[in-house]
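Report on one structure; see the data block that follows.
The values are calculated or read from the model by the stated rules, or taken from the named source; none is laboratory data. The shown structure was predicted, so the numbers you read here are calculated from the model rather than taken from an experiment. Here Cβ is always computed from backbone atoms with ideal geometry, including for glycine, and neighbour counts include all displayed protein chains. Side chains included, ligands, DNA and RNA excluded: accessible areas come from the protein's heavy atoms. Shrake-Rupley method; radii C 1.70, N 1.55, O 1.52, S 1.80 Å.
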Amino acid sequence: MVLEKYTPTAEHIQKFRAMMESSDVKSYEIENKIGTFEFDDLTLKKFLIARDGKFEKSQKMLEQHIKFRNTMKTWELGPKDIQKILPTGVWRLSPNNTKEGHAFLLTRTRDWDPSAYTVEEYEKCVTYMCLEAHKTAINPEKRSVTFFDLGGWSLRKGHASMKANRMSKKLIAVTQDNFPECNEKIIIWNAPMAFSATWKLLKYLIDPDTREKIVFTSDPKELLKYVDAANVPKEYGGTLDGDIPIPGIEQLQTGALDEPINDNSTVEVEKNLADFAISKTDNVQSPAIKTKA
């Protein structure tokens, strides 16, 4: 028997919004009117679906996401924070959407060197890509088609090392716990036999609904079901000359990194964050940070 998937009603979304607005866990972005995060219908809908409409569980999940954003400082996360991994091109984002208007992400293991950067920087890179994909997608559901090229996966390159496994677990945790309902399709291409042992360890960390969206293939036509050939590199059966770009790479190459989001010094921003956390515990109004017009 196949159970019908839960779909939030307008009443459920409104109830959930009221719960979040009265929660003791506060968003630094919302409180200080910075960044892009808000309790919009789509965000509330996705977190409700992720927990099958169970309000308390959905609230706990969204509260954890808010804490994640506060810690990660997602409102100012950018190329400056991932200067070692970004130029490698291990993660790329097409400026063109899929046929259904979703974002198109590409990652290649041949460009992945787990020894070249920290797990923390990898986590920031994945978060940055998720945020950029959300901006890029024009489909109202704001999802992504992610293409994993595992053709370069190798034991000799450390892709099965403890550090690499930690990075893979961070990838799953960031996307699954903080960006639910954001996968339209996950295509794993040319996975070698040696990857099967790693997959056995990782697949049980992935939500069953997400696992249903994963397909293993060596047929490039699978990608062309979702993305126009003109937007797919030739090595994957498309007609695109060159490669899919790296978002934010121009900022690194030209030195035009993200400008500060306010006039405060780094120390002052850190103090604001600390005061914010304390004030929410003590139920005292948090300090606002200055924002540029």
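Per-structure values
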quantity	calculated
Test for residue 212: is it over 29 Å from residue 163 (Cβ atoms) and of a type outside the set (Val, Ile, Thr)	yes
Filtered residues of region 120-168 (kept if closer than 18 Å to residue 71 by Cα and open to solvent by 40 Å² or more (accessible area, probe 1.4 Å))	120, 124
Residue 109 vs. criteria of a type in the set (Val, Ile, Thr) and free of Cβ contacts under 8 Å to residues at least 24 places away in the same chain	no
Checklist (1) touching a residue at least 24 places away in the same chain (Cβ under 8 Å); (2) closer than 15 Å to residue 111 by Cβ applied to residue 235, failing item	(1)
Selected residue (criterion: most open to solvent (accessible area, probe 1.4 Å)) from residues of region 169-218 that are aromatic (Phe, Trp, Tyr) and touching a residue at least 24 places away in the same chain (Cβ under 8 Å)	216
Qualifying position, being within 17 Å of the chain's Cα centre (by Cα) and either farther than 29 Å from residue 244 by Cα or aromatic (Phe, Trp, Tyr) (or both), among 64, 59	64
